[in-house]
Amino acid sequence: MTDDSNYARSLIEASLDPLVTISAEGKITDVNLATERITGVAREQLIGSDFADYFTEPDKARAGYKQVFSDGFVTDYPLALRHVSGRITDVIYNASLYRDAAGRVLGVFAAARDITERKKAEEAARAANRAKSEFLANMSHEIRTPMNAIIGLTHLLRRDAPRPDQVERLAKIDAAAMHLLSIINDILDISKIEASKLELECRNFSLESVLDHVRSLVSEQARAKGLAISIDTDSVPGWLRGDPVRLQQALLNYASNAVKFTERGGIELRARLLDTADDTVLARFEVEDSGIGIEPDTLSHIFNPFEQADSSTTRRYGGTGLGLAITRRLAELMGGAAGASSTPGRGSRFWFTARLGCGRGIEPPAAEAARPTAEDDIRGRHAGVRVLLAEDNAVNREVALELLHGVGLDVDVAGDGQEAVDKALAGDYRLILMDMQMPRLDGLEATALIRAHPARRTVPILAMTANAFEADRRACLAAGMNDFIGKPVDPPLLYATLLKWLSGPPSTAQRPAEPAAPPAADPLSRLAGIPGLDVGIGLASVGRREASYLRLLGKFVELHADSVGELRAQLPVAPEDARRTAHSLKGSAATLGAVEVGRLAAEVENALKNGLPPEQLEAPLQALEASLSALNAELRRRLPAAAG
Ligand code: ADP
């Protein structure tokens, strides 16, 4: 060997990275010391053997080798090498073709890098991040419990006829508590998402009601600034399947920023249909404003948690810098992405995409759980009813007691789980409110024992807990609880939930034989006597929420104005679609108490299912058409204008 080649050889042997050359036939032609060390095989044995034999995944190694021939090289190709002792080393390869002086390909030159340590460090970082997220989630949970006392007691003080200056201070305490709670909720959400603990719901919902609700949540601030908010849903189907609460949250983060950062002009909430496939749609949601806008170099990082455009913005507008990060994560959970474009001084357009299922039918929108008059309703309809409250924390017990006494309920108290079981079995309560963490027996155990008693199978048991995870919720339901009230207790929501269960579980809701005669000013009274409309049934199926019922009737008129015409058009070309139209009309009508239309639509649906010839369809179709148009005409005449 010449001096030059000796020198080159010593360089190769000095390399800490395993180096190898492989012939065009896949046999090893040369190796360095590092290769001997990492495989535990001597150089003489390595040379001439099949290179792929030393990897845990020989096929993947061969695929990489082939790629070098097709592309000329590979970089950072991950593989794992096996030492004769069985020890595995994670490596990444850079490899390329090498040639002789005449340019003929001699084979592949490959250099490996041991990444075992790097991988360990990455895993440790991931674990640490997860631990941090779990810590944050637990901490947020701990903070929510005392918030319960602050918000609940403030609510009670406001009812005790305070002086005007006290009213003002209480309003400030309430606003501060709500603000703090929203920050805690944001932190809880982001940490739940990062700890992979956020699970999305999947149910039917109306897109319009989600957008409407977002608009209503920011409308007061917008009105104060003179901003108009418009909604455009383009061709996105009206009914979708997915998690309406999270969709609303993602949109609300954009919409409240838009209002916050806009002084004049308006805001547009938009939904666009990008793609449909297999009963799902890919929708793009946009919120466009005519506000202060964002500098291009800032735009790239405002979606990171805790990032804000600049500190002066923060001082002026407040906020935590979590809203956009949450929206992006939620969009990703919904199979989409999020981003924004903006012109400083002109305005911004924030968007996200989401893959959602195609939904069906009319359901009461869950977003509207709180009903302002639930409190009065309980007082009027259920005063004196006996309920059991199981809660060990003295302050929380006082808050809950006050809230329950405030609506005239007769409350017994249990200070721990065992006492709750004893009292529940001895007394005949109409409803039980159950804290989750209690001494002796926790809420889940106590519920299971109560349910084990045949006479206590149906008494509604409502969990009260600061545990906001979906898994906790499921555990409550699995233990036999009926519903779930989050802590801090939001009084209107508590009353709405109580009312729902005191009025009987939704499936067995009592239908009043005749709707109670409402006062003349009540828009419901205007619906009395419409042929084929049973207001009692309709109200029961929306949890007796009159405003929802009126609104849904308005929706019904709008959606089904020409359902029969549509069905006739579908019949010759797409009979399956026609059947679906009949089915959806039947479902909506039945839910809302439009019994006659529901019955006739069911007849048409059955006829279509049984493949009746067109001439035999005509009679039921005409009956349905007549009944539907009469009902719609009546509803149009009698519904208050705002209900549509
Ligand atoms: P927060 O609003 O709580 O600070 P976000 O994550 O919602 O947190 O927003 C991060 C930052 O992005 C805001 O502080 C603001 O600087 C900027 N930003 C968000 N939306 C808009 C908008 N519509 N117009 C101008 N700036 C915006």
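Observations, loosely collected:
- Summary of the geometry: the stretch 144-217 and the stretch 25-58, compared by the centres of their Cα atoms, lie 64 Å apart.
- Exposure proxy order (Cβ contacts within 10 Å, fewest to most) of M178, M481: M178, M481
- Cα gyration tensor shape of the stretch 519-643, rounded if a/c is under 1.5, else prolate or oblate by comparing a/b with b/c: prolate
- Judged by the ratio a/c of the largest to the smallest principal axis of the C-alpha gyration tensor, the chain counts as prolate, that ratio being 1.5 or greater while a/b is larger than b/c.
- FRET efficiency estimate (nearest 0.05) - Cβ-Cβ, T320 to D53, R0 56 angstrom: 0.50
- Between helix 207-225 and the chain: long-axis angle, C-alpha atoms, 0 to 90°, nearest 10: 80
- Cβ-to-Cβ counts within 10 Å put T154, T581 in ascending order as T154, T581, the fewest first.
- Taking a ≥ b ≥ c as the square roots of the eigenvalues of the alpha-carbon gyration tensor, the stretch 127-241 is classed oblate because a/c is 1.5 or more while a/b is no larger than b/c.
- Amide N of the stretch 78-99 lying under 16 Å from the label point, which is placed 7 angstrom from the Cα of E122 along Cα→Cβ: 78-81, 89-94
- Stretch gain in nm, segment E44-L11, where the contour uses 0.36 nm per residue and the Cα spacing is subtracted: 9.9 nm
- Taking a point 7 Å out from the Cα of E36 in the direction of its Cβ, the residues of the stretch 93-114 whose backbone N falls within less than 20 Å of it are 110-114.
- In loop segments of the stretch 220-270 as defined by DSSP, the GluC sites (Glu not before Pro) with at most 13 further C-beta atoms inside 10 Å of their C-beta are E263.
- Computed FRET value (nearest 0.05) for S182 with E142, which takes r as the C-beta separation and R₀ as 30 Å: 0.95
- Rounded Å value of the spacing that divides the Cα centres of the stretch 556-628 and the stretch 218-278: 33
- Compared with the dominant principal axis of the Cα atoms in the chain, helix 546-560 is inclined by about 70°.
- Distance between the modelled labels on A24 and L273, one decimal in nanometres: 5.7 nm (7 Å Cα→Cβ projection).
- To the nearest ten degrees, helix 491-502 and the longest principal axis of the Cα atoms of the chain are 70 degrees apart.
- Here the simple spin-label model places points 7 Å from the Cα toward Cβ, and for V167 and E263 these points are separated by 3.3 nm.
- Antiparallel %, DSSP beta bridges [both residues in the chain], to 5: 70
- Residues of type lysines that K487 reaches as a straight line, Cα spacing below 22 Å, ignoring anything fewer than 8 places off in the same chain: K172, K192, K197, K500
- Legend: calculated FRET efficiency, H453 to R386, from the Cβ-Cβ distance at R0 = 25 Å, rounded to 0.05, equals 0.90.
- With at most 14 neighbouring Cβ atoms within 10 Å, loop trypsin sites (Lys or Arg not before Pro) (DSSP) excluded, longest segment of the chain: 458-644
- Sequence of E134, E13 once ranked by neighbouring C-beta atoms within 10 Å, starting from the fewest: E13, E134
- Straight-line cross-link reach from K66 at under 28 Å between alpha-carbon atoms covers these lysines, not counting any fewer than eight positions away in the same chain: K27, K119.
Values in this text are rule-based calculations from the coordinates and carry no lab data. Computed from a predicted model, the values in this text were never measured in an experiment. In this analysis, Cβ positions are derived from the backbone assuming ideal geometry, glycine residues included, and neighbour counts consider all displayed protein chains.
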